[in-house]
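Data first, discussion second: the structure below is written as structure tokens.
The values are calculated or read from the model by the stated rules, or taken from the named source; none is laboratory data. Bear in mind that the values here come from a model prediction, so they are computed numbers and not experimental data. Ideal geometry is used to build each Cβ from the backbone, glycine not excepted, and the neighbour counts take in all protein chains shown.
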Amino acid sequence: MAYHLYHTEGIVLGSKDTGESNRFYFILTRELGLVGAVAQSARASKSKLRGHLSVGTRGAMTFVRGRDVWRITAADEIAVFSPEDVSRQRMVARMAQLLRRLVHGEECDQDLYKEVSGALTFLKEHDEAVKGRELFEMAFAARMLAHLGYGVFDESHNEVLAAEWGSEVLARAGVHQRTLVRAVNDALRASQL
């Protein structure tokens, strides 16, 4: 029986160990939405997937639909965060944790994928995102919550919610910090997630 291979771009949001050497990954994909997939022997030192599936990595991935679960058959990095850059790694981990909390099921949302990809690119390429960590993370949370329909944001927040990721987003988030924090906290509380 031939299996259909699904080739798509994805962002690794987390993983957990399963079995002796397998690993289960949570991956936000462009075409499939949030996918839970197993990588066979991903923890083995000889694994071809091992180095390509760290949290925050954006890559070209190939999936096959198994009887009960997706399986990752190939992965190539497009953008990866350096393991030595601990502050960025921590920020990516918090972003991924928020996304896993808010996004449920396999549903194609290319706008969400573009938004997350843009945030990760800005974080990777601009030191000001790390220096303004609190503003960056607040803006990211607000944009994810607004995109997914959680909470009510003021019209004044549109300067943060609708702009392309860049220095201006952080500057506008700083101006609206107090009301934006309140809106994010209210949205998270109301979501009950």
When you look at residue 96, is it among the hydrophobic types (A, V, I, L, M, F, W, C), farther than 20 Å from residue 162 by Cα, modelled with pLDDT under 95 and surrounded by 12 or more Cβ atoms within 10 Å (Cβ to Cβ), yes or no? no
One residue from 141, 146 being surrounded by 12 or more Cβ atoms within 10 Å (Cβ to Cβ), closer than 22 Å to residue 28 by Cβ, free of Cβ contacts under 8 Å to residues at least 60 places away in the same chain and within 15 Å of the chain's Cα centre (by Cα): 141
The stretch 129-173, residues that are over 14 Å from residue 115 (Cα atoms) and in a loop (DSSP other than H, G, I, E, B): 132, 149, 150, 151, 152, 153, 154
If I filter the stretch 39-46 for residues that are outside the structural domain of residue 139 (by TED's automatic domain parsing), over 11 Å from the mean Cα position of the chain (by Cα) and at pLDDT 90 or above, do I get at least one hit? yes
Unique residue being touching a residue at least 24 places away in the same chain (Cβ under 8 Å), of a type in the set (Gly, Ala, Ser) and in the same structural domain as residue 26 (by TED's automatic domain parsing) when the list is 93, 75: 75
Run down 134, 128, 155 and say which single residue is closer than 23 Å to residue 79 by Cβ and acidic (Asp, Glu). 128
Filter the stretch 175-193 for residues that are closer than 18 Å to residue 99 by Cα and touching a residue at least 40 places away in the same chain (Cβ under 8 Å); which is surrounded by the most Cβ atoms within 10 Å (Cβ to Cβ)? 184
Residue pairs qualifying under the 7 Å Cβ cut-off, at least six apart or on distinct chains, with the first in the stretch 154-174 being surrounded by 12 or more Cβ atoms within 10 Å (Cβ to Cβ) and the second being among the aromatic types (Phe, Trp, Tyr) and modelled with pLDDT of 90 or more, are 165/122; 166/122; 170/136
